[in-house]
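K.L.:
Starting off with a structure, shown below.
No value in this document is a laboratory result; all are computed from the given coordinates. This is a predicted model, so every value here is computed, not measured. Ideal geometry is used to build each Cβ from the backbone, glycine not excepted, and the neighbour counts take in all protein chains shown.
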Amino acid sequence: MALTNFIPAVYAAATLAALDEALAYGSEGVTNRDYEGDVSEFGGSVTINTVADPTIESYTPYTDMTGGAGSTTPQTMNLDQHKAWEVRIDDVDRAQARDDNDFVTKVTARAAHLLAKTADAYVAAQMAAAVTPGAEATVSDPTDAYDLLVDLRTDLSEAEVPVAGRWVVVTPQFHGLLLKDPRFVSGSSGADVTRSQGVVGRAAGFTVLESNQAPNGPGAGAGKLVIAGHALATTYADQVTKVEALRHPRQFVDILRGLHVYGAKVIRPSALAARDVVGA
């Protein structure tokens, strides 16, 4: 008899919710989810049209303006990432479990955690491939760490990236250094800092997130990329398309499995900045 308390729609939604809560690079606010509703099936794609900036010109009354029709640049985000998981439960093992429903909840929660790590590493890799990092930087003390955030802030300001909504994702080691800087501690103690989806505080105008999925830097120092930016830069879409339970045809075994489909695209690289950080 298959798992009696399993409701596919409920667990699919629960898995997606748990996955979203575990994302850092792929979290809402770091990426945008403008095309989430367009995700329908594995192998699909979304075409994103980026409208060129209009030309600002002087206006003379009763004189034709020279501006023409706005041009668009189409970009394609492929939903080509497909990750699956499967767990098999023998009837002998099930007989010793107190609660089928509790067991399934724990299995799907663990699957969501592992799926999130994989998806987050993928989104981080897309960002790393699109951004040109500044010079390799050695960060060895709290002052170095905070100063590097200020440099990233300057990069984004010079690129005219909106101030509101800026974020930076750091490694646990980098976060540890920031915790020793009173400027970070004082700026992260307010009630307005929402501790969710990897958020650990605020500093230098950034919402600071922590992740173990930071990409490797391109330099010779075996550093990690500290990436900063705005949600305008990257779009991300995902969907747990299927979570199901079925009976093995030749064993006394229930099978629980799921499928995660997603894609990401950096559509405005200028809204990202990065440093190859050695030592943190």
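K.L.:
Calculate the spin-label point distance for LEU114 paired with THR76, positioning each point 7 Å from the Cα along the beta-carbon direction, and give it in nanometres.
P.N.:
About 3.2 nm separates the two model spin labels.
K.L.:
First measure r as the distance between the Cβ atoms of GLU86 and GLU28, then evaluate 1/(1 + (r/R0)^6) with R0 = 41 Å and state the FRET efficiency to the nearest 0.05.
P.N.:
On the way: r = 29 Å, r/R0 = 0.70.
So the FRET efficiency works out to roughly 0.90.
K.L.:
For segment 133-186, state which GluC sites (Glu not before Pro) are in a DSSP loop and have at most 11 other beta carbons lying within 10 Å of their beta carbon. Before the final figure, lay out each step's value.
P.N.:
Details: sites: GLU136, GLU158, GLU160; in loops: GLU160.
In loop regions of segment 133-186 (DSSP not H, G, I, E or B), the sparsely surrounded GluC sites (Glu not before Pro) are GLU160.
K.L.:
Let me ask another. Filter LYS224/LYS265; LYS83/LYS117; LYS117/LYS224 down to the pairs with a C-alpha to C-alpha distance above 19 Å, please.
P.N.:
Working: LYS224/LYS265 21 Å; LYS83/LYS117 11 Å; LYS117/LYS224 17 Å.
Cα-Cα > 19 Å for LYS224/LYS265; rest within.
K.L.:
Also: Rounded to the nearest 500, what is the chain's calculated 222 nm mean residue ellipticity when only DSSP H runs of at least 4 contribute -39500 (n - 2.57) each, over all residues?
P.N.:
On the way: 6 runs with 81 residues, N = 280.
It lands at -9500 deg cm²/dmol.
K.L.:
Let me ask another. So, counting K/R as plus one and D/E as minus one, what does the shell of residues with Cβ under 15 Å around TRP85 add up to?
P.N.:
Details: positive: LYS83, ARG88, LYS106, ARG110, LYS117, LYS242, ARG257; negative: GLU86, ASP238, GLU244, ASP254.
Once all neighbours under 15 Å are counted, the net charge is +3.
K.L.:
Moving on to the next point. Return the percentage of antiparallel bridges among DSSP beta bridges fully within the chain, rounded to the nearest 5 %. Write down the numbers at each step before the final one.
P.N.:
Details: 44 of 53 bridges.
Bridges in the chain that DSSP calls antiparallel: roughly 85 percent.
K.L.:
Of all trypsin sites (Lys or Arg not before Pro) in segment 211-280, which ones are in loop regions per DSSP and have a Cβ with at most 14 other Cβ atoms within 10 Å? Don't jump to the answer; show the numbers that get you there.
P.N.:
Values: sites: LYS224, LYS242, ARG247, ARG250, ARG257, LYS265, ARG275; in loops: ARG250.
Counting only loop positions with at most 14 other Cβ atoms within 10 Å, the trypsin sites (Lys or Arg not before Pro) in segment 211-280 are ARG250.
K.L.:
With r as the distance between the Cβ atoms of GLN173 and ASP93 and R0 = 45 Å, compute the FRET efficiency 1/(1 + (r/R0)^6) and round to 0.05.
P.N.:
On the way: r = 40 Å, r/R0 = 0.89.
It comes to 0.65.
K.L.:
Right, another one. Out of every Cα-Cα pair in the chain, what percent are more than 29 Å apart?
P.N.:
Taking all Cα-Cα pairs of the chain, the fraction more than 29 Å apart is 45 percent.
K.L.:
With axes computed from alpha carbons, what is the tilt in degrees of helix 100-130 against the longest principal axis of the chain, rounded to the nearest 10 within 0 to 90?
P.N.:
The angle comes out near 30 degrees.
K.L.:
Follow-up. Which order do ILE267, ILE227 fall in if you start with the one that has the fewest other Cβ atoms within 10 Å? Mind dumping the intermediate values first?
P.N.:
Values: ILE267 19, ILE227 27.
Starting with the residue having the fewest Cβ neighbours, the order is ILE267, ILE227.
K.L.:
About the Cα centre of the chain, how large is the charge dipole given +1 on each Lys and Arg Cβ and -1 on each Asp and Glu Cβ? Please answer in debye to the nearest 20.
P.N.:
Values: 22 positive and 34 negative charges, 140 e Å.
The calculation lands at about 680 debye.
K.L.:
Continuing with the same structure: So if we plug the beta-carbon distance of LYS180 and ASP53 into 1/(1 + (r/R0)^6) with R0 = 51 Å, what FRET efficiency do we get, rounded to 0.05? Numbers along the way, then the final one.
P.N.:
Numbers: r = 43 Å, r/R0 = 0.83.
Working from the Cβ atoms, E equals 0.75.
K.L.:
Defining a contact as two alpha carbons under 8 Å apart and six or more residues distant in sequence, what relative contact order in percent does the chain show? Working shown, then result.
P.N.:
Details: 535 pairs, mean separation 88.5, N = 280.
Here the relative contact order equals 32 percent.
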